[in-house]
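Below is one structure, written out as C-alpha cells; comments come after it.
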Amino acid sequence: MRKLGLERDIDLALHLPLRYVDETRLQTIASLHEGQAAQVQGTVLECRIEARSRRQLLVRVDDGSGELLLRFLHFYPASQKTMAPGRLLRVRGELRGGFFGREMVHPEVRAVTPDTPLPAALTAVYPASAQLPQAYLRKAVASALVRAPLAELLPPDVVPPGLPSLRDALMQLHQPPAHAAADALQDRSHPAWQRLKFEELLAQQLAQAQARAARARLRAPAMHARRDGLATRLRAILPFDLTGAQQRVVAEIGADIALPQPMHRLLQGDVGSGKTVVAALAAAVAIDAGWQCALMAPTEILAEQHFRKMVGWLQPLGIVIAWLSGSRKGRGRREQLAQVASGAAMLVVGTHAVIQRDVVFARLGLAVVDEQHRFGVAQRLALRDKLAAPLADNDKLVAPATDIEKLVAPSRGGDKLVAPSADSNKPVAPASDSTALEPHLLMMSATPIPRTLAMSYFADLAVSTLDELPPGRTPIVTKVFADGRRDAVVARIRHEVQQGRQVYWVCPLVEESEHLDLQNATATHAELSQALPGAAVGLIHGRLAAADKAAVMQQFTQGAMQLLVATTVIEVGVDVPNASLMVIEHAERFGLAQLHQLRGRVGRGDIASVCVLLYSGPLSATGKARLKAMAETNDGFEIARRDLQIRGPGEFMGARQSGDSLLRFADLAEDDVLLQQAHAAASRLLQQHPRAAAAQIERWLGAKAAFLKA
Ligand code: ADP
Ligand code: MG
C-alpha cells in the first residue's frame, strides 16, 4: 500500500476505483449467452482432475436451469475440497461455448450457503498491484472511509445544487448502490464525481486567491519611466515604429512596474509579434531607475541572440551588459559574475545559468523570462527562489538611491501555502512587515494559455497580449507532403537559394536518442550538400560546442550560409528575416505548439515564405489532426486551441510535467462549468466564510493534512 501512496485513511478514501463489477445479481445458467460476464450460483455435480495435454481441474455445476463447466488450468490441491461435489458455489466469469457445452475458464469462485447474502453495492475494482489483492484493498478502503476526516466544511450555499456531501460522494464512488448509473460513474459525470472535482477546483481557486493576496502584500521597487529617459532614447534609435499592440503592452508593463508591488505578468504574443523589443523597453525603464535587469532564455542560441540584440540596442546608450551561459566558464565567467555582483552590469542576459547559485545580483529589480513554458518546473522554482534571495543574501551591498534601508528575505507566502492557525479568521497568514523588496517578473511566451488554464493555474498572473504582427509580414504558406516528394522539395530549396534566400531544414528528435538524432541530421546534411552544389550548407545540433554553434548561427544570420540543417535547437526565437523556406522532416513526430514555433522562424520579413511539412506515413489520428491544423491556420491562438483539443492541457503547464501538481480529479478540458462554479464559490467563500475557506485550503493543500500530496 505504501508503494501506491496509500498511507493515511484519506489516501485510501481518495483512491478511487478504476471500474466496477456487478455482483449484486445472480443469473441463471440457461439464460447466459457466449461472451457474457455473469454471476451464477449452483451446486457441484462433479469435480475431477483430467490429465490430457496438461493437468486441469474440471468442475461441473448445476443451478436447476442448466449445467456449467468450470475449467482451471492452475489450481491448488485445496481447490478440490472447496469445490467438492454437493458444495454450493457462487461463480463469476465470462461464458464460453466450449466443446463440452457451456463453460467458464478460471472464473472467480466462492463457496457459499443458500442464505449467503448478495452484496448491495457494486464491487469496486481498484488500481492495485500484484502483491495487493483487490479484496484486501476493498476492506482497507471501506474501513478508511469510516475513519477519514471528511466532515463537511462548506456552507450549503456555495456548493452547486444537487451535489452530495464529500463523504457521501466518496461512499457512492467506492460502494455505488446496485442501481447506480454505471455510465455516469465511468465517465465521471456522476454527481459524486462532480462533488469531488468541485472540492478540488475550489481548493485550487482559493489557493490562487491566497497567492494573489500574498503577492499584493509583497514590496517591489517602484520604477517610473522618465520623460527623456533611457526607454525614450531607445525608442528613438529603433529602426521601426512600435505596433499599436506593442505600445499598449509597453504601457501595461510600465504601469505595473511603477507600482511598489511586484509585477507578475505574462506577455503572450504569437511568434514574430515582437516581444523582444518590449522586454528591452521594460529593461530600459528598470535600468534607468537604478535597478538591474535579468533576461533569461531557455536555449543558448536564443539567449545569445537576445544578448546581441540588447548589445545593439542598449550598449550605444551606455549600458553594460553581462552574458552568462552554461558554456562560459573560468575567468570569463568570474569577471561577468563580478560585474553582476557589483552592479556594474545593469543588464544580464543568459540561459538558466542566470539562476545558478553563484550568481548574485547587486540589485535585481526586473527579471524577464522568455519562452517561459520551455523552462522545466525545477528551473521555474529556482528562478522564484533566486528572485527572492538576491536582495536578501547581500545585505552588505548597498541598495540604490531609494529609501530601502534593510534588505531582508521576503516571505514566500505566495508560493508555499501558509496554513492558517485554527482560530484565525483570515485565510492567509499575515505578511511579514519587513521592507524586503522583490523584483518584478515578466514572462514571455508564444504559446497562449487557453482560458480554462488561465483561470486555474495562472489565475495569479496578469496577462498582456500582442495581438498584432508588425506591418509588412506576408503570411506563411504551409504545405504538407509525404516524404516521397523529397526531390521536389530539394528543387524548391535550390530555387530559393538562387533567389538569394535562406532555408532551414529541421530534423526531428529520434526517439529521444541524441545519438540517432545526430546521425540522422548528419546524414541529411551530407545528402543536401551533395544535392545543392555551390550552396553553403551548415549543420547545427545540440552536441556542438557553444562556440561552434555560435559560429554556425553567425554565418547563417549574416547570410554567408544558405541552408541550415538543424535539430530542434533552433526551435525557439531565432530571428533571420531573410529565411523564406522551412522544411520540417518527420513533422508527424512534433507537437503542434512546437511545429508552430518552428514555422515562426520564417515569414519574419516581407518575403513570401513557405513551410513544408514532410511526413512518413502511416499517420496516427492525432498526427493527422496536427498537420491539418498547421496547414489550415497561422494563428497561434487557434493552434493552441486545437492543441488543447487534440492533446489535453498537460503540455501548457511546462516543458515536462512530472512533479507539477496537476489536478488529480478534475479535467480542465471537460470541467469548464465546474471551474466557473468553483471560481464564483471561491470569492463568495473568501468574503462571507473566511474560516471555511481556510479550512478548505488546509484540507486539500495544507502542509500536513493535505488531501493531495505535493
Ligand atoms: P517574438 O515575439 O517571436 O519574440 P521578435 O521579438 O523576435 O518576435 O521579433 C520578430 C522580428 O520583428 C524581429 O526582427 C524584430 O526586430 C522585428 N520587429 C519587432 N517589432 C517590430 C515592429 N514594430 N516593426 C517592425 N519590425 C519589428
Ligand atoms: Mg522571441
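For the pair A181 and E94, what calculated FRET efficiency results from E = 1/(1 + (r/R0)^6), where r is the Cβ-Cβ distance and R0 = 41 Å, to the nearest 0.05? Plugging the Cβ-Cβ distance into 1/(1 + (r/R0)^6) gives 0.95. Considering Cα pairs under 8 angstrom that are at least six residues apart, work out the relative contact order of the stretch 476-633 and quote it in whole percent. Taking the mean separation of contacting Cα pairs over the length of the stretch 476-633, I get 34 percent. Solvent-accessible area assigned to carbon and sulfur over the stretch 1-105 amounts to 50 percent, based on a 1.4 Å probe.
Taking all protein chains together and a 1.4 Å probe, the residues F361, F240 rank F240, F361 from largest to smallest accessible area. Rounded to whole numbers, the Karplus 3J(HN,Hα) couplings from phi for the stretch 242-253 are 5, 6, x, 5, 4, 4, 4, 5, 4, 5, 4, 5 Hz, using 6.51 cos²θ - 1.76 cosθ + 1.60 with θ = phi - 60°, and x at Gly and Pro. The simple spin-label model puts a point 7 Å past each Cα toward its Cβ; for F637 and A78 those points are separated by 6.7 nm.
Between A222 and R48, the modelled label-to-label distance comes to 9.8 nm, taking each label 7 Å out from Cα in the direction of the beta carbon. These residues, K81, K3, K197, go from largest to smallest accessible area, 1.4 Å probe, as K3, K81, K197.
Between E7 and A608, the contour length at 0.36 nm per residue exceeds the alpha carbon distance by 210.2 nm.
Counted by Cβ distance under 12 Å from A345, the other residues give a net charge of 0, where Lys and Arg count +1 and Asp and Glu count -1. Principal axis extents of the C-alpha atoms in the stretch 115-229 (largest first, rounded to whole Å): 92, 38, 27. The ratio of the alpha-carbon radius of gyration of the stretch 287-350 to the globular-protein estimate 2.2 N^0.38 Å is 1.05. The distance linking the stretch 461-503 with the stretch 201-253 is 32 Å (Cα centroid to Cα centroid, whole angstrom). Shown here are the Rg and Dmax of the Cα trace of the stretch 53-170, at 20.9, 68 Å.
In this structure D241 has an accessible area near 130 Å², from a 1.4 Å probe over the protein heavy atoms. All C-alpha to C-alpha distances of the stretch 26-117, sorted into 5 Å bins beginning at zero, yield P(r) values of 3, 15, 29, 27, 17, 8, 1, 0 percent in whole numbers. Using R0 = 41 Å, the C-beta based FRET efficiency linking S189 and D241 works out to 0.20. Across the protein chains, with a 1.4 Å probe defining accessible surface, the residues H74, H174 rank H74, H174 from largest area downward. Label sites at E335 and L132, each approximated as a point 7 angstrom past Cα along Cα to Cβ, lie 5.8 nm apart.
Other residues with beta-carbon under 10 Å from the beta-carbon of G269 carry, at +1 per Lys or Arg and -1 per Asp or Glu, a net charge of -2.
With R₀ fixed at 45 Å, the C-beta to C-beta distance from R19 to Q356 puts the FRET efficiency at about 0.40. Gain on full extension, evaluated as 0.36 nm per residue between V311 and L544 minus their Cα-Cα distance, stands at 81.4 nm. Surface composition of the stretch 476-633: carbon plus sulfur atoms hold 51% of the accessible area, using a 1.4 angstrom probe and ignoring ligands, DNA and RNA.
An ellipsoid equivalent to the stretch 178-331, defined through the eigenvalues of its Cα gyration tensor, has semi-axes of 44, 20, 17 Å when rounded to whole angstrom and sorted largest first.
Within the set of other residues whose C-beta is less than 13 Å from the C-beta of A84, count the net charge using Lys and Arg as +1 and Asp and Glu as -1. Surrounding charge for A84 is +3.
Amide H contacts under 5 Å for L295: V348, V349, G350, V368, restricted to partners 5 or more places along the chain or on a different chain, H placed in the peptide plane at 1.01 Å from N.
For the stretch 476-633, the alpha-carbon coordinates run over 41, 36, 29 Å along the three principal axes, in decreasing order. Largest first and in whole Å, the equivalent-ellipsoid semi-axes of the stretch 105-152 read 25, 17, 9, each the square root of five times a Cα gyration tensor eigenvalue.
Label zone of E34 (point 7 Å out along Cα→Cβ, amide N under 20 Å): in the stretch 86-127 this covers 93-107. Between the alpha-carbon centers of the stretch 116-157 and the stretch 35-81, tell me the distance in whole angstrom. Taking the Cα centre of the stretch 35-81 as reference, the centre of the stretch 116-157 is 31 Å away.
Could you tell me whether the stretch 92-131 comes out rounded, prolate or oblate from its Cα gyration tensor? Rule is a ≥ b ≥ c as square roots of the eigenvalues, rounded for a/c under 1.5, then prolate if a/b exceeds b/c, otherwise oblate. Because a/c hits 1.5 or more and a/b fails to exceed b/c, the stretch 92-131 counts as oblate.
The values are calculated or read from the model by the stated rules, or taken from the named source; none is laboratory data. Treat the numbers as computed from the prediction; the structure is a model and nothing was measured. Reconstructed Cβ throughout: ideal geometry from the backbone, glycine too, with neighbour counts over all protein chains shown. Accessible surface areas use protein heavy atoms only, side chains included; no ligands, DNA or RNA. Shrake-Rupley method; radii C 1.70, N 1.55, O 1.52, S 1.80 Å.
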